[in-house]
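To start, the structure under review is shown below, and the notes come after it.
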Amino acid sequence: MSLTNAQIKNAPVKDREYLIADGAGLSILIKPNGAKLWRFRYSLFGKKQKLSIGSYPEITLSQARVKAADARAKVAQGISPVDERQKETKASNSASSFEAVCLEWQGVRSATWAANYALGVKRLFKNHVFPVIGKRPIAKIEPMELLELLKRIEAKGAKTVAENVRGRCSEVFAYAIITGKAKYNPARDLAGALQRFRKGHFASLDVAELKGFLHVLENSRGSVLTISLIKLMMLTGLRPTEAREGAWSEIDIDAALWRIPAERMKANRPHIVPLSRQAIELLKTLKSMNGGYGHLFPNRRDLTRAMAPGVVSSLIADCGYGGKTTGHGFRHTMSTALHEKGYDSAWVELQLAHADKNTIRSTYNHAQYLDGRREMLQWYADYIDELKSQ
């Protein structure tokens, strides 16, 4: 018996998915989440196959029957609708791959390039980009994929090449957007990921190494204060001196903000740090221990001063990570993780208090990006908790 619209609309949701047949191979699948999906089942050359037609009500009952009739006609001719769709998808993906779009872009732009310049661009993509993401559909390439590509190039010491690759890829993605082949340019937002604090300047952990360090830190013999200092640096992205010399007068627990005055910042400008739930809990614990002193981390020998500068590096060395990371290195690790997650480079740069030559814009951005940075740091704090629990 054929289906009716009323039957489809009133089909009950069950704990398990189930089918309601319309006839001649067409049926509708009712999912436990309430989704209703059209399916056409057929047999060709002794092989049973299933074709997805779409979802209801986007595809109406009458439209589904027309699509099923078209599929049955192909089966009668010995053509598999599923195989045909796969071939069409493969051909479409090939035409819209990063390599195909890049070559199309080169064809359009090369008319204005000098011969040697055009050859250099071709070699750049052939040697560094196409082997990694060339076959990927350009519209599906994520920031993390491109960032991994850039990091591989940087790891070989080719920092200038990495920046050139990012810039050229950005032009290709811009062309893809203009021609309707993509909607987003992941390369544009990765400029900040090529950090001025690179390995070799300040040693830092890769994101994949962070879990191991966290487990060692949790079980280290370091003092509670020093461990807390490192944790707070990781949660805020502050430089070691900025965190170590923190004062209780700068902390606003109720507003979940740390307001650092200009004289304590490298760029000599005030810095506002939104505090995650984890940072607040850590500060509350410190408050119960050191609330009567001026500094968050007072010096044991002179409680009017902050902890000694070498405490962070000493504990890192005791944990077996000497030479592998530094207090500054935690900033690089945070930056990499946040960029991989896709957060706005402007948020990341501002959180790290990197200098902005435009003072007016810098002041405006402090207010403009505060909510975004709060969300970003909360994600990172939750991410760190997740790593520690693994």
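The values are calculated or read from the model by the stated rules, or taken from the named source; none is laboratory data. Not measured: the values here are computed from a predicted model. Cβ sites come from the backbone with ideal geometry, for glycine too, and all protein chains shown count toward neighbours. For accessibility, only protein heavy atoms count, side chains too; no ligands or nucleic acids. Shrake-Rupley method; radii C 1.70, N 1.55, O 1.52, S 1.80 Å.
Cβ contacts < 8 Å: first residue under 19 Å from Val273 (Cβ atoms) and hydrophobic (A, V, I, L, M, F, W, C), restricted to region 369-390; second residue surrounded by fewer than 16 Cβ atoms within 10 Å (Cβ to Cβ) and modelled with pLDDT of 90 or more, any location; separation 6+ or different chain. Result?
That search, which allows pairs on different chains as well, returns Ala381/Arg277.
Residue by residue through region 37-54, note down the ones that are open to solvent by less than 60 Å² (accessible area, probe 1.4 Å) and hydroxyl-bearing (Ser, Thr, Tyr).
Tyr42, Ser52 - these are the residues of region 37-54 that are open to solvent by less than 60 Å² (accessible area, probe 1.4 Å) and hydroxyl-bearing (Ser, Thr, Tyr).
Cβ-Cβ under 8 Å, sequence separation 6+ or interchain: first residue in region 310-325 and under 10 Å from Gly222 (Cβ atoms), partner open to solvent by 50 Å² or more (accessible area, probe 1.4 Å) and part of a helix (DSSP H, G or I). Which pairs?
These pairs meet every condition: Cys319/Val216.
Has region 195-215 got at least one residue that is of a type in the set (Asp, Glu) and either modelled with pLDDT of 90 or more or within 20 Å of Lys266 (Cα to Cα) (or both)?
No.
Would you be able to tell me the number of residues in region 134-146 that are open to solvent by less than 70 Å² (accessible area, probe 1.4 Å) and farther than 19 Å from Lys183 by Cβ?
1
Since Gly34 meets every condition but one in (1) among the small types (Gly, Ala, Ser); (2) at pLDDT 90 or above; (3) surrounded by fewer than 12 Cβ atoms within 10 Å (Cβ to Cβ), which condition does it not meet?
With (1) among the small types (Gly, Ala, Ser); (2) at pLDDT 90 or above; (3) surrounded by fewer than 12 Cβ atoms within 10 Å (Cβ to Cβ) applied to Gly34, the lone miss is (2).
Six or more apart or on different chains, Cβ under 9 Å: which pairs go from a residue in region 170-186 that's more than 13 Å from Pro143 (Cα to Cα) to one that's aromatic (Phe, Trp, Tyr) and modelled with pLDDT under 90? Could you list them?
Ile177/Tyr184
For region 273-293: of the residues being assigned to a loop (DSSP other than H, G, I, E, B) and surrounded by 14 or more Cβ atoms within 10 Å (Cβ to Cβ), which is nearest to the chain's Cα centre (by Cα)?
Ser276
I'm trying to understand the selection: among the residues of region 260-283, which are among the charged types (D, E, K, R) and modelled with pLDDT of 95 or more?
Passing the criteria: Arg277, Glu281.
Determine the pairs where a residue that is closer than 16 Å to Asp252 by Cα, located within region 290-307, has a partner that is of a type in the set (D, E, K, R) with Cβ atoms under 8 Å apart, the partner being 6 or more residues away or on another chain.
What qualifies is His295/Glu245; His295/Arg305.
Looking only at region 3-23, how many residues end up being open to solvent by 70 Å² or more (accessible area, probe 1.4 Å) and closer than 23 Å to Pro81 by Cβ? It would help to see each step written out before you state the result.
The initial filter retains those residues of region 3-23 that are open to solvent by 70 Å² or more (accessible area, probe 1.4 Å), namely 5, 7, 9-10, 12-17, 19.
Then drop every residue that is not closer than 23 Å to Pro81 by Cβ, which leaves 17, 19.
Of the residues in that region, 2 qualify.
Could you list, ordered by first residue, the pairs with Cβ atoms under 8 Å in which the first is in region 69-81 and without any contact (Cβ under 8 Å) to a residue 40 or more places away in the chain and more than 12 Å from Gly25 (Cβ to Cβ) and the second is surrounded by 11 or more Cβ atoms within 10 Å (Cβ to Cβ) and basic (Lys, Arg), at least 6 apart or interchain?
Within 8 Å, the pairs are Ser80/Lys74.
Quick check on region 228-246: of everything there that is more than 9 Å from Phe330 (Cα to Cα) and of a type in the set (Gly, Ala, Ser), which residue is farthest from the chain's Cα centre (by Cα)?
So, considering only residues that are more than 9 Å from Phe330 (Cα to Cα) and of a type in the set (Gly, Ala, Ser), the one farthest from the chain's Cα centre (by Cα) is Gly246.
Any residue that is touching an Asp or Glu at 6+ places or on another chain (Cβ under 8 Å), open to solvent by less than 30 Å² (accessible area, probe 1.4 Å) and at pLDDT below 85 - is there at least one of those in region 318-338?
Within region 318-338, one or more residues are touching an Asp or Glu at 6+ places or on another chain (Cβ under 8 Å), open to solvent by less than 30 Å² (accessible area, probe 1.4 Å) and at pLDDT below 85.
Considering only region 55-69, I want to know if a residue exists there that is open to solvent by 70 Å² or more (accessible area, probe 1.4 Å), under 30 Å from Leu149 (Cα atoms), modelled with pLDDT under 90 and of a type in the set (D, E, K, R).
no
Could you tell me whether Arg269 is touching a residue at least 12 places away in the same chain (Cβ under 8 Å), under 30 Å from Leu147 (Cα atoms) and either charged (D, E, K, R) or open to solvent by 70 Å² or more (accessible area, probe 1.4 Å) (or both)?
Here the answer is no, as Arg269 does not meet what is asked.
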